[in-house]
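A quick write-up on the structure given underneath.
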Amino acid sequence: MSAAQEGQPAADAADEYRLEIRGLQRQLAHLQETDGDPVLIDEYDAELRNLTALYRAALETLDAGRTDARLRDALEQLGFGDWTLKNVYGFVYDLAMELPNEPGRDLATMIDGTDFPGSLLEALHD
């Protein structure tokens with residue numbers, strides 16, 4: 001049985017997200033070191049916070065599904081496919097994009113405050 005079939009993230013999928021985050025971190029650091037455009041720095045910083053929050057939420061949800069078959073079943077029944085990091089990330093991303101816009105709260109904060117495993121089970125019953 002492969003790592004992905006056992007609910008383990010495939011190395012290349014995990015690396016893809018980490019690489020994107022690390023690349024953005026390097027770009028942001030370079031902009032800050034070279035006194036880049038403050039507006040651009042703010043945009044990169046927000047994007048980095050959002051991507052980091054999405055990745056963390058996907059990993060936490062993936063981990064929760066290792067011990068809860070209901071989560072794995074729900075993801076598949078909702079059309080996201082097998083229990084892999086890529087598919088769990090897809091669910092997390094889609095749900096995050098539907099979160100209500102709350103004044104004074106950025107997307108990363110809302111992602112961090114969302115119970116994605118619980119939301120996955122709720123979505124199945126909606």
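The values are calculated or read from the model by the stated rules, or taken from the named source; none is laboratory data. Note that the coordinates shown come from a computational prediction; the quantities given were computed from them, not determined experimentally. Here Cβ is always computed from backbone atoms with ideal geometry, including for glycine, and neighbour counts include all displayed protein chains.
Within segment 82-118, can you find the residues that are more than 16 Å from A64 (Cβ to Cβ), part of a loop (DSSP other than H, G, I, E, B) and among the polar types (S, T, N, Q)? Of everything in segment 82-118, just one residue is more than 16 Å from A64 (Cβ to Cβ), part of a loop (DSSP other than H, G, I, E, B) and among the polar types (S, T, N, Q), namely N101.
You will find that of L51, L19, the residue that is of a type in the set (A, V, I, L, M, F, W, C) and touching a residue at least 12 places away in the same chain (Cβ under 8 Å) is L51 and no other.
Is it the case that segment 27-42 has a residue that's of a type in the set (S, T, Y), assigned to a helix (DSSP H, G or I) and over 11 Å from the mean Cα position of the chain (by Cα)? No, there is no match, as no residue in segment 27-42 is of a type in the set (S, T, Y), assigned to a helix (DSSP H, G or I) and over 11 Å from the mean Cα position of the chain (by Cα). Counting just the residues of segment 65-99 that are loosely packed, with under 15 Cβ neighbours inside 10 Å and of a type in the set (K, R), which one comes out nearest to L121 (Cα to Cα)? Taking the candidates together, the pick is R70. L62 meets the stated requirement of being assigned to a helix (DSSP H, G or I), modelled with pLDDT of 95 or more, within 16 Å of the chain's Cα centre (by Cα) and aliphatic (A, V, I, L, M).
Here are A57, A46: which of them is loosely packed, with under 15 Cβ neighbours inside 10 Å and either in a helix (DSSP H, G or I) or modelled with pLDDT under 95 (or both)?
Values: A57 fails: loosely packed, with under 15 Cβ neighbours inside 10 Å.
None of the others qualify; the one that does is A46.
Looking only at residues in segment 1-17 that are exposed (fewer than 12 other Cβ atoms within 10 Å of the Cβ) and in a helix (DSSP H, G or I), the one that is modelled with the lowest pLDDT is A11. Take the conditions over 18 Å from E122 (Cα atoms) and not basic (K, R) and apply them to L51. Does it pass? Criteria met by L51. Scanning segment 72-85 finds one or more residues that are closer than 27 Å to Q25 by Cβ and in contact with a helix residue (DSSP H, G or I) (Cβ under 9 Å, 6 or more places away or on another chain).
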